[in-house]
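See below for the structure under consideration.
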Amino acid sequence: MNHVFKRAALAALVAAVVAPANAETYCQVQYVLLNAKVNSQGFDNNYYYGSPDAIEEDGSYDDALQFSLRLILGFEDQTGFGGRVRWFTFDNDLGYDGLWNNGGVTSALNGSINLDVDYIDTELTQRCACCAGGWNILGSGGVRWGRVASTNQSVPFAALGAASNSETAGVKFEGAGPTLAIEGRRPVAETGVSLFAVGRTSLLCGNLDIHSNYYGPVQYEIKNEMVQVWELQLGALHQYQCASGAIFESGVFWEAQRWDSESDSLGDLGLFGVGIHTGLRY
């Protein structure tokens, strides 16, 4: 994780340097509980890549919600133009429930797999009022660096016939590319509460490494893999103006992410859950 923190710190430093002196700055922290989903074919494409044709596999993560964190630092000038850095991390050991069939005997495979999802967005933003009713629209575009790594922790793959490389079995993708997002907010009467929705898509290009149980000690590499990321948030925010003039905001939201790799080696990874939003503008 050290390289992730270094990239985030560098991006935040750049944002602080380029911010105009008279701009409004803000810091937002989102605490998110997410449940990871990968389809059974996705597990087959990495953990069992290269297995004999007669073998059938099935697996899934458990349904437990896991902690993740998002930090956002940004600024906006009086015209609504600004910039921001967004850092997200999900790094948890997930329970794995699987079945393995060699053509006659079905065996259960249970244990844990570490899933590590990280990204950093560095982007420009533009805010504007739109239509009647107080709608507030924020559009953004920039560059995302993203990483997904799934690594075996305690699943006894070594017990399978002809299996090897079980201690390092898994898949890793790292790439970069453009990211675009749009956010809409609308106040609810004069309550100080606003409803909001955020949609984002990113297209990343990078290398994907597969450490299959059946591919031997050498990894299988897919170069120039394309991964499209979709994100959606729906929620409500409350804003409170402090005596100092700063604005404190808090809220709750529902979130969904999908990481869709061209080779399906990530198994159409999905993250679904709820979060708490806190922020300060000054």
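The values are calculated or read from the model by the stated rules, or taken from the named source; none is laboratory data. What you are looking at is a predicted structure, and each value in this text was computed from that prediction instead of being measured. Here the Cβ is made from the backbone with ideal geometry for all residues, glycine too, and neighbour counts use every protein chain on show. The protein model used for the area step is the full one, side chains on, heavy atoms only, and it has no ligands, DNA or RNA in it. Shrake-Rupley method; radii C 1.70, N 1.55, O 1.52, S 1.80 Å.
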Checklist entry - Out of all the residues in the range 232-246, is one or more over 17 Å from Arg186 (Cα atoms), part of a strand (DSSP E or B), among the hydrophobic types (A, V, I, L, M, F, W, C) and open to solvent by 80 Å² or more (accessible area, probe 1.4 Å)? => result no
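For the condition modelled with pLDDT of 70 or more, at negative phi and either in contact with a His (Cβ under 7 Å, 6 or more places away or on another chain) or aliphatic (A, V, I, L, M) (or both), what is the one hit in Ala15, Ala54, Ala64, Ala11? Don't jump to the end; show me each part of the working.
On the way: Ala15 fails: modelled with pLDDT of 70 or more; Ala54 fails: modelled with pLDDT of 70 or more; Ala11 fails: modelled with pLDDT of 70 or more.
It is Ala64.
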Checklist entry - Applying the selection to the range 157-197, what residues are closer than 27 Å to Asn207 by Cα, at pLDDT 80 or above and not hydrophobic (A, V, I, L, M, F, W, C)? => result Gly170, Lys172, Glu174, Gly175, Gly177, Pro178, Thr179
Checklist entry - Which condition breaks for Tyr96 when tested against (1) open to solvent by less than 20 Å² (accessible area, probe 1.4 Å); (2) over 26 Å from Asp209 (Cα atoms); (3) without any contact (Cβ under 8 Å) to a residue 60 or more places away in the chain? => result (2)
Checklist entry - Which residues, taken from the range 114-145, are of a type in the set (Gly, Ala, Ser), open to solvent by 50 Å² or more (accessible area, probe 1.4 Å) and assigned to a strand (DSSP E or B)? => result Ala129
Checklist entry - Which residues, counting only those in the range 247-262, are assigned to a strand (DSSP E or B) and among the acidic types (Asp, Glu)? => result Glu249, Glu255, Asp260
Checklist entry - Among (1) touching a strand residue (DSSP E or B) at 6+ places or on another chain (Cβ under 7 Å); (2) open to solvent by 50 Å² or more (accessible area, probe 1.4 Å); (3) farther than 30 Å from Tyr214 by Cα; (4) modelled with pLDDT of 90 or more, where does Thr79 come up short? => result (1)
Checklist entry - Taking the range 173-204 as the search range and keeping residues that are open to solvent by 40 Å² or more (accessible area, probe 1.4 Å) and not in a strand (DSSP E or B), which one is nearest to Met226 (Cα to Cα)? => result Val188
